[in-house]
Amino acid sequence: MRKYYQCQLNTINSITDAWPEVRPDFFKDNNYVGRGIGGQTSPQLLLRFRKDVIELKPQIVVINIGTNDIAENTGKYNPQYTLDNIMSMTDIALANGVKVILSSVLPVGEYPWRKDIKNASQIVDSLNAAIRNYAVMNDIPYADYNANMRDSNGALIEDLGHDGVHPVEKGYKVMETVIQPIIKSLLRK
């Protein structure tokens, strides 16, 4: 049985998509599976959640999604719709005996492919506050990647990413230091 399923369908999801390629030993050594698909948004993840999570029968799923929603990859951003999709994935996982960790959207100052989206860091912060609040209200662990990866303007720290959105190896290492203790703690429960 897999111990952990990394589903970051991601915050954007080239973010989660690339993680196993950039840091393969982290996934292999821990028996983790990455299921990110570049460019996907929360409704797309919700549609494939049963097949790509539930059918794998993991003990834990980490849900990291929302940056592509904000970047409007599949239409106008609606914060409640994104949160509803995250809540639905959480409900599906829990109903099938899969423990859930919710995570923050990574910091973004500007989307290189959507420069017309203004105030990206404030929009990310607002979604993260809603995800965190939902996690706290429902006693679900929350992994705050954002707090550990943002600069004073709310953007991704320059040497943690290559384009202001997507992490490089150093960025993924920061994410691993955030998520690993939460996973280990949840596995002990």
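Counting only DSSP beta bridges with both residues in the chain, what percent are antiparallel, rounded to the nearest 5? Antiparallel bridges: around 15 percent, rounded to the nearest 5. Could you tell me what percent of the accessible area of segment 1-135 is made up of carbon and sulfur, with a 1.4 Å probe and every protein chain present? Of all accessible area on segment 1-135, carbon and sulfur atoms account for 50 percent. When the C-alpha to C-alpha distance is required to be over 27 Å, the pairs from 28/57; 99/173; 115/170; 76/173; 76/184 that qualify are 76/173; 76/184. Each Lys and Arg contributes +1 and each Asp and Glu -1, all at the Cβ; summed about the Cα centre of the chain, the dipole is approximately 680 debye.
Counting Lys +1, Arg +1, Asp -1, Glu -1, what net charge surrounds residue 86 among other residues with beta carbon under 13 Å of its beta carbon? Computed value for this residue: -2.
Using 0.36 nm per residue of separation minus the Cα-Cα distance, give me the extension gain between residue 94 and residue 133 in nm, one decimal. Please report the intermediate quantities before stating the final value.
Numbers: separation 39, 0.36 × 39 = 14.04 nm, distance 1.79 nm.
Value of the extension gain: 12.3 nm.
Under a 5 Å amide H cut-off, with hydrogens placed 1.01 Å from N, residue 143 pairs with 102, 103, 104 among residues at least 5 apart or on other chains. For the chain, the per residue solvent-accessible surface stands at 45 Å², with DNA, RNA and ligands left out and a 1.4 Å probe. The ratio of the alpha-carbon radius of gyration of the chain to the globular-protein estimate 2.2 N^0.38 Å is 0.93. Share of Cα-Cα pairs in segment 36-91 beyond 17 Å, in percent? More than 17 Å apart: 32 percent of the Cα pairs in segment 36-91.
Sum up the charges of everything whose Cβ sits under 9 Å from the Cβ of residue 120, counting Lys and Arg as +1 and Asp and Glu as -1, but leave residue 120 out. If you can, show how the numbers build up before the last one.
Values: positive: 114, 118; negative: 110.
With Lys, Arg at +1 and Asp, Glu at -1, the neighbours total +1.
Between 108, 26, 54, the Cα set farthest toward the positive side of the dipole of the chain (charges on each charged residue's Cβ, about the Cα centre) is that of 54.
Would you mind classifying segment 82-189 by shape? Square roots of the alpha carbon gyration tensor eigenvalues, ordered a ≥ b ≥ c; an a/c under 1.5 is rounded, otherwise it is prolate if a/b is larger than b/c and oblate if not. Oblate is the answer for segment 82-189, as a/c is 1.5 or above yet b/c matches or exceeds a/b. Farthest towards the positive end of the charge dipole of the chain, among the residues 145, 97, 164, is the Cα of 97, using unit charges on the Cβ of Lys, Arg, Asp and Glu. Amide hydrogen proximity for residue 61: with H placed 1.01 Å from N in the peptide plane, the residues at 5 or more positions away or on another chain lying under 5 Å are 5, 99, 100, 101.
The values are calculated or read from the model by the stated rules, or taken from the named source; none is laboratory data. Predicted model only: the values in this text are computed from it and were never measured. So basically every Cβ, Gly included, is an ideal-geometry build from the backbone, and we count neighbours across all protein chains shown. Each accessible area value is taken on the protein alone, full model and side chains, heavy atoms only, with ligands, DNA and RNA left out. Shrake-Rupley method; radii C 1.70, N 1.55, O 1.52, S 1.80 Å.
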